[in-house]
Every structure is written in structure tokens, then in C-alpha cells.
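Below: one structure, written as C-alpha cells.
The values are calculated or read from the model by the stated rules, or taken from the named source; none is laboratory data. Just so it is clear, the model here is predicted, and its values are computed rather than measured. Methodologically, a virtual Cβ is constructed for each residue, glycine included, from the backbone with ideal geometry; neighbour enumeration extends over all protein chains shown. Side chains included, ligands, DNA and RNA excluded: accessible areas come from the protein's heavy atoms. Shrake-Rupley method; radii C 1.70, N 1.55, O 1.52, S 1.80 Å.
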Amino acid sequence: ISETVGAPAVWAFDFDPASGRLFNRRVFIDAMALGLHPDGAAVDEDGGYWIADAGGWRVVRFSPDGRLARTIPLPVEKPSKPVLVDGKIYVTSLNVGLTVSAERQPFAGRVLMETVSKTGSNCYRFSI
């Protein structure tokens, strides 16, 4: 779970698929220390965690143990809501609240796609 209010962080939990319960909350990624502004994430089939860095012009992938594994620069200041499908990552982007004019980033507000050779993980229902 990503939190951008206060001290930005990505929290990890243990998960019980039988009950749908999350427990054992802990910091997975200290987003504040890395200058990240998480705005949506996706998990790949290898357990990699992809974050759209709103304000950071990039999507980043963390390994299952929380190490930065890959950075993909993007032509938009505020990417958001990544999704992995069939070896590609699709990322929406914002076109409001920009610090760089929309004329200088004509793809702002559009959906971007990059080949990453990863696909999304299986989904589970859970309750909080």
C-alpha cells in the first residue's frame, strides 16, 4: 500500500488468502528518502513492484526485497496508475498541476506504453 501524505512510503503486509486479512505492516520502500511520489503501482509475475512516480518523470521497479531494480524515464512529469499486460507496462498520466507547461510535455494526460518483458501477477481479494 502506497502512502503519499505525510512521510511517503510503501507498506508491505503479510497476507492470508483464506481469510483475506493483511497483517504485519512494515515499510517496504521509503519513498521519501528516494524522492518518490507514488501514484499507483503494479506487481509483476516475479514479485517486482512498479511505481508511477508522479512528479518524477518516471516509472520505477523494485525487486521483491525492496531494492531499486529499474527506472524508465517518461516524457511526462506526472505518470500515474501503471498496469502490466503481456510484457508491456501501460501508464496513465496527469495533465493538471504541472510545474512544466503542457506545451513542453505534449503526452501529459495520455496513456503511455513501454515494453518491459514482464506481465502482471495474479490478483487476490483482501479486506482491511
Condition met for Gly109 (at pLDDT 95 or above and either assigned to a loop (DSSP other than H, G, I, E, B) or not β-branched (Val, Ile, Thr) (or both)):
yes
Do the conditions hold for Pro38, that is, is it of a type outside the set (A, V, I, L, M, F, W, C), more than 26 Å from Thr119 (Cβ to Cβ) and crowded, with 18+ Cβ neighbours inside 10 Å?
no
Flagged in region 15-63 as out of contact with any Leu (no Cβ under 7 Å at 6 or more places or on another chain), of a type in the set (Gly, Ala, Ser), modelled with pLDDT of 90 or more and part of a strand (DSSP E or B), in numbering order, are Ala41, Ala52
For Arg67, all conditions in the list (1) open to solvent by 40 Å² or more (accessible area, probe 1.4 Å); (2) in contact with a strand residue (DSSP E or B) (Cβ under 9 Å, 6 or more places away or on another chain); (3) charged (D, E, K, R) hold save one; what is the number of the exception?
(2)
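Out of Ala108, Ala54, report the one residue that is in contact (Cβ under 8 Å) with a residue 12 or more places away in the chain, open to solvent by less than 50 Å² (accessible area, probe 1.4 Å) and touching a helix residue (DSSP H, G or I) at 6+ places or on another chain (Cβ under 9 Å).
Details: Ala54 fails: touching a helix residue (DSSP H, G or I) at 6+ places or on another chain (Cβ under 9 Å).
Sole residue among the options that is in contact (Cβ under 8 Å) with a residue 12 or more places away in the chain, open to solvent by less than 50 Å² (accessible area, probe 1.4 Å) and touching a helix residue (DSSP H, G or I) at 6+ places or on another chain (Cβ under 9 Å): Ala108.
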